[in-house]
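Here is the structure we will look at.
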Amino acid sequence: MKGSIYKIFIIILFAVLHSCKEREDIIFEGPYHARFTEATSEILENYKDPIDLNLNEPVVIELHVAAPSPTSTTSIEYEVSGTAVENVDYVLENGENKRVLIPVGEHLGEIRYFPINNGESTGDKTIKFTIISVNNGLEAGFGETGINGRFHTVTIKDDDCLVDLRKFEGTWEFNQNDGEFIYDVDVVVDWNSNNRIYMVGYTGLDTTLFAFANLNLCGGEFEIPEQLLAGSNQLGGTRSEGMGSFDSEVEIINFSYSYDYAGPTIRTVQAKKRQE
């Protein structure tokens, strides 16, 4: 009986190892093509606003070559369409060329762009990128008519819903790291923008240091984009870590942030508006 069980075990083990080897031997054999790595993405329209202070890098859309390394530069031509208008709703880096070049020996390329904040409630808009041609004998996308991977659609999210910005103005109590450090911050609305505030003394280090935050008024989201910490030449840059939030009555703001002087330490804040 034991011998039979042992033989069955050996047979099963051999079958498993054989199937694993078969899976390892499977190699992509084409058709070789260039494609967008992802089919969709989205970005808030105020991501790069204001351009002169906001140090966020342009948004990247990745393309890749699914083929052995070509022996010459891969040139991917694309076109844009959609409800968003170039140079009105967004700007393409090197957009006059509508071409992505991938050097010899590499497989990844990118389109870089940033949205333009219009400060008006105009609804979400889309940019549709379509690969129209590829050299080096590669197809544009794959499958029937190249539908897979040939397209990428960006949704530029509107952030200008009707919220009374006066609710943000005033003194807020910042509770940092669950009671580790509690201090007051003055919040001032930028009335030249539909969704930006300034936080004076927001690190708690110095009441003269301030940073701005961009608001997604439609989604109740709060973000400190990459920027230099104003009021100091020594503390370097600052930014929120991920997207923060504010409640519908604008009485609580939650976010996490870091700044260069303090190294990689991330501080978590719950801010409550002081009642007058």
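Data for the structure
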{"read-out": "Checking residue 88 against (1) modelled with pLDDT under 95; (2) within 28 Å of residue 240 (Cα to Cα); (3) more than 20 Å from the chain's Cα centre (by Cα), the condition it does not meet", "value": "(1)"}
{"read-out": "Some residue of region 42-56 being in a strand (DSSP E or B), more than 30 Å from residue 237 (Cα to Cα), modelled with pLDDT of 95 or more and open to solvent by 70 Å² or more (accessible area, probe 1.4 Å)", "value": "no"}
{"read-out": "Extreme residue, farthest from the chain's Cα centre (by Cα), among residues of region 110-138 that are closer than 15 Å to residue 33 by Cα and buried (at least 20 other Cβ atoms within 10 Å of the Cβ)", "value": "138"}
{"read-out": "Residue list for region 102-139, restricted to those being of a type in the set (Asp, Glu) and under 17 Å from residue 44 (Cα atoms)", "value": "120, 124"}
{"read-out": "Of residues in region 187-217 being among the charged types (D, E, K, R) and in a loop (DSSP other than H, G, I, E, B), the one farthest from the chain's Cα centre (by Cα)", "value": "206"}
{"read-out": "Pairs, first on the phi < 0 side of the Ramachandran plot and of a type in the set (A, V, I, L, M) in region 66-89, second open to solvent by 70 Å² or more (accessible area, probe 1.4 Å) and in a strand (DSSP E or B), C-beta under 8 Å, six or more apart", "value": "76/99; 76/101; 80/128"}
{"read-out": "Matching residues in region 262-274 - criterion: being over 21 Å from residue 186 (Cβ atoms) and of a type outside the set (A, V, I, L, M)", "value": "263, 264, 265"}
{"read-out": "Strands (runs of 3 or more DSSP E) contained entirely in region 218-276, each with at least 2 residues that are closer than 18 Å to residue 181 by Cα and either open to solvent by less than 60 Å² (accessible area, probe 1.4 Å) or modelled with pLDDT of 90 or more (or both)", "value": "252-259, 267-273"}
{"read-out": "Those residues of region 255-276 which are touching a Ser or Thr at 6+ places or on another chain (Cβ under 9 Å) and in contact (Cβ under 8 Å) with a residue 24 or more places away in the chain, in sequence order", "value": "255, 257, 259, 260, 261, 266, 267, 268, 269, 273, 274, 276"}
{"read-out": "Filter pass, residue 208 being hydroxyl-bearing (Ser, Thr, Tyr) and open to solvent by 30 Å² or more (accessible area, probe 1.4 Å)", "value": "yes"}
{"read-out": "So residue 211, is it among the small types (Gly, Ala, Ser) and either in contact (Cβ under 8 Å) with a residue 60 or more places away in the chain or closer than 20 Å to residue 254 by Cβ (or both)", "value": "yes"}
{"read-out": "Every residue from region 143-191 that is among the aliphatic types (A, V, I, L, M), open to solvent by 60 Å² or more (accessible area, probe 1.4 Å) and touching a residue at least 12 places away in the same chain (Cβ under 8 Å)", "value": "162, 188"}
{"read-out": "Residue match in region 149-162 (condition: under 16 Å from residue 38 (Cα atoms), in a loop (DSSP other than H, G, I, E, B) and out of contact with any Pro (no Cβ under 7 Å at 6 or more places or on another chain))", "value": "yes"}
{"read-out": "Check on residue 34, at pLDDT 95 or above, among the small types (Gly, Ala, Ser), closer than 30 Å to residue 161 by Cα and touching a His at 6+ places or on another chain (Cβ under 8 Å)", "value": "no"}
{"read-out": "All positions within region 61-101 that are part of a strand (DSSP E or B), open to solvent by 70 Å² or more (accessible area, probe 1.4 Å) and under 28 Å from residue 215 (Cα atoms)", "value": "62"}
{"read-out": "Those residues of region 104-116 which are under 28 Å from residue 193 (Cα atoms) and either assigned to a strand (DSSP E or B) or in contact with a Ser or Thr (Cβ under 8 Å, 6 or more places away or on another chain) (or both), in sequence order", "value": "112, 113, 114, 115"}
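The values are calculated or read from the model by the stated rules, or taken from the named source; none is laboratory data. Here the structure is a predicted model, which is why all the values come from computation and not from measurement. Cβ sites come from the backbone with ideal geometry, for glycine too, and all protein chains shown count toward neighbours. Only protein heavy atoms, including side chains, enter the accessible area calculation; ligands, DNA and RNA are left aside. Shrake-Rupley method; radii C 1.70, N 1.55, O 1.52, S 1.80 Å.
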